Structures are given as structure tokens and as C-alpha cells.
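The values are calculated or read from the model by the stated rules, or taken from the named source; none is laboratory data. Please read these numbers as outputs of a predicted model, since none were measured by experiment. Here the Cβ positions follow ideal geometry from the backbone for every residue, glycine too, while neighbour counts run over all protein chains shown.
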């Protein structure tokens, strides 16, 4: 997604402030009870949450700037407005209702969808939208426990619980209260976990079967151990844009800042092994 160059209209300091004030990924709290089990997270519900249409964020006004001129350099004219607007508009720009996209997660050392289709060790994508949600898991793999799985858009209030007959009166109440309720009843290992959902166009994959998805939009869901890499990628872009707007020498914005690879990484801690996803702009040579 190339950045558009326009004539300057506002001071560089204002442009830099605008770039860093919109679209940032919130800090992700990875503190949960229990230890990640194999293929983090181990529990995967089979029934979707209720639809919650996500309204796109309002478009930001264009931001243009004349960068500060460091000693001995030529002033750089840069329009960071396109970048700032895209960052701001991507959060909540897709409806991640169950069934809208094929959902891929890191699993068994590969990037897999629940029906078994494998993208392999990596997939090259262009991100078009992202959002986050919180899931409340009973911490059990029994069939009965699946009905107790709950979902929250904002991480504070319950939006949906799979078994609405048994637990429906918890909808609209606090997530933490529901977790405590489950722990005090049949599910002492109940916990809440934050996830990030990314809608992205597939350009290439590591597996031959996965190439059938080239040109399609898929959903990649990141667990708590994958979220830090995604947040780092976005923050690096924010800081580069800020530095570029100030005319700091040596800074270049990527031509397509939202193109990257999801790369699987197998992690072991104690007796547990799971697959997390990293965001990288180039693939390592030792794959």
C-alpha cells in the first residue's frame, strides 16, 4: 500500500503527533491463570459466538507535513496521512462473526484451519482489518464444558455464551464475575484469554494445498503468546512513520507496510509444547 505524497499543509510536529495517536494496538495483558497447554490454547469451542457487527472507525483527516530539516540535509516533504488513516481504520473494519472467514491458528507446528487445511510453516499476506476479543474457557475438554464457553468483545462484559439455556443469564454481566462463578462451581481451571483476529489477503503459502487460498481473505487468530509479535510489528511502523515525518536521516517507510508473513514457531516450556505465530517481513534462511 504505497504512501501518497502531497504538498505540505501543517507543521511536522503536528503530523508526528497525529500518526502516533491513532490506530495503536492496545497493550495486551498476558496474565491468566494456569499454564499454556499443548497447541496453546488447548480448548477450541465448536459453536460460534453470536454475531456482533463491528463498525469501522471514522476516517481521519489527511495529515501532511514538512519534515524538520536536520543539519546538512535537504528538507523532505512527506504525506503521512494515508498511513495514519489506514492504521486508524483497520481496527474493527471487519465483521469476524463465525462463518465469515476460514479461521487459521498455529497448531501442531503448522498454520492450520480447523477442518485440517494446512498453510504450512508460513503464509504471506496483506492485512486489511483486525480486532480483538476475549474468550472465557472452563479449562476442561469435556463435552459438557463446551457450553460454558463465553465471549466478550471488550474484555469486560459477556456478549455471548454457547449454552444460552444454562448460562444465558450471564450475558451482559462482568467477565471477571463469570470466571469466578465457573471456578467456584464445576470448573476450577476456568480462565479468560485475549485473542487478536486478523483479516488478510493470502499471497503465498508454504504448503501446496494452502496455495488454493491465494487471492482469498482468511482470518488468522492469534493467541496470547502470538500477540506480542503482532503488537511489536505495529509499533515499529508507528515509530518509523513518526521519524520519517521529522525527516530523520536513514528512515524509510516500506512501500507496502501491511504486507508481511505469519511464521509459525514451536515453543516448549516444561512438559508443554505449543505453536505460536510471529509477524516477520522476511523469511529466515534456515527454514
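When the stretch 204-221 is examined, which residues are found to be in a strand (DSSP E or B) and closer than 18 Å to residue 110 by Cβ?
204, 205, 218, 219, 220, 221
Residue 171 - would you say it is surrounded by fewer than 20 Cβ atoms within 10 Å (Cβ to Cβ) and either free of Cβ contacts under 8 Å to residues at least 60 places away in the same chain or more than 19 Å from residue 128 (Cβ to Cβ) (or both)? Don't jump to the end; show me each part of the working.
Working: surrounded by fewer than 20 Cβ atoms within 10 Å (Cβ to Cβ): yes; either free of Cβ contacts under 8 Å to residues at least 60 places away in the same chain or more than 19 Å from residue 128 (Cβ to Cβ) (or both): yes.
Against the criterion (surrounded by fewer than 20 Cβ atoms within 10 Å (Cβ to Cβ) and either free of Cβ contacts under 8 Å to residues at least 60 places away in the same chain or more than 19 Å from residue 128 (Cβ to Cβ) (or both)), residue 171 qualifies.
Find the residue count for the stretch 174-206, including only residues that are more than 23 Å from the chain's Cα centre (by Cα) and in contact (Cβ under 8 Å) with a residue 12 or more places away in the chain. Quick ask: steps written out before the conclusion?
Going residue by residue through the stretch 174-206, those that are more than 23 Å from the chain's Cα centre (by Cα) are 174, 177-190.
Applying the additional criterion that residues be in contact (Cβ under 8 Å) with a residue 12 or more places away in the chain yields 174, 178-179, 182, 186-190.
The total comes to 9.
Just to be sure before I move on: is residue 156 under 30 Å from residue 279 (Cβ atoms), surrounded by fewer than 16 Cβ atoms within 10 Å (Cβ to Cβ), in contact (Cβ under 8 Å) with a residue 12 or more places away in the chain and touching a strand residue (DSSP E or B) at 6+ places or on another chain (Cβ under 8 Å) in the structure I sent?
Details: under 30 Å from residue 279 (Cβ atoms): yes; surrounded by fewer than 16 Cβ atoms within 10 Å (Cβ to Cβ): yes; in contact (Cβ under 8 Å) with a residue 12 or more places away in the chain: yes; touching a strand residue (DSSP E or B) at 6+ places or on another chain (Cβ under 8 Å): yes.
Against the criterion (under 30 Å from residue 279 (Cβ atoms), surrounded by fewer than 16 Cβ atoms within 10 Å (Cβ to Cβ), in contact (Cβ under 8 Å) with a residue 12 or more places away in the chain and touching a strand residue (DSSP E or B) at 6+ places or on another chain (Cβ under 8 Å)), residue 156 qualifies.
Looking at the structure I just gave you, is residue 182 touching a helix residue (DSSP H, G or I) at 6+ places or on another chain (Cβ under 9 Å), outside any strand (DSSP E or B), surrounded by 13 or more Cβ atoms within 10 Å (Cβ to Cβ) and at pLDDT 95 or above?
On the way: touching a helix residue (DSSP H, G or I) at 6+ places or on another chain (Cβ under 9 Å): yes; outside any strand (DSSP E or B): yes; surrounded by 13 or more Cβ atoms within 10 Å (Cβ to Cβ): yes; at pLDDT 95 or above: yes.
Yes: the conditions hold for residue 182.
If you scan the stretch 222-232, which residues turn out to be within 11 Å of the chain's Cα centre (by Cα) and surrounded by 19 or more Cβ atoms within 10 Å (Cβ to Cβ)?
222, 223, 224, 226, 227, 230
Test of understanding: among 249, 254, which residue is at pLDDT 90 or above and outside any strand (DSSP E or B)?
Working: 254 fails: at pLDDT 90 or above.
The conditions single out 249.
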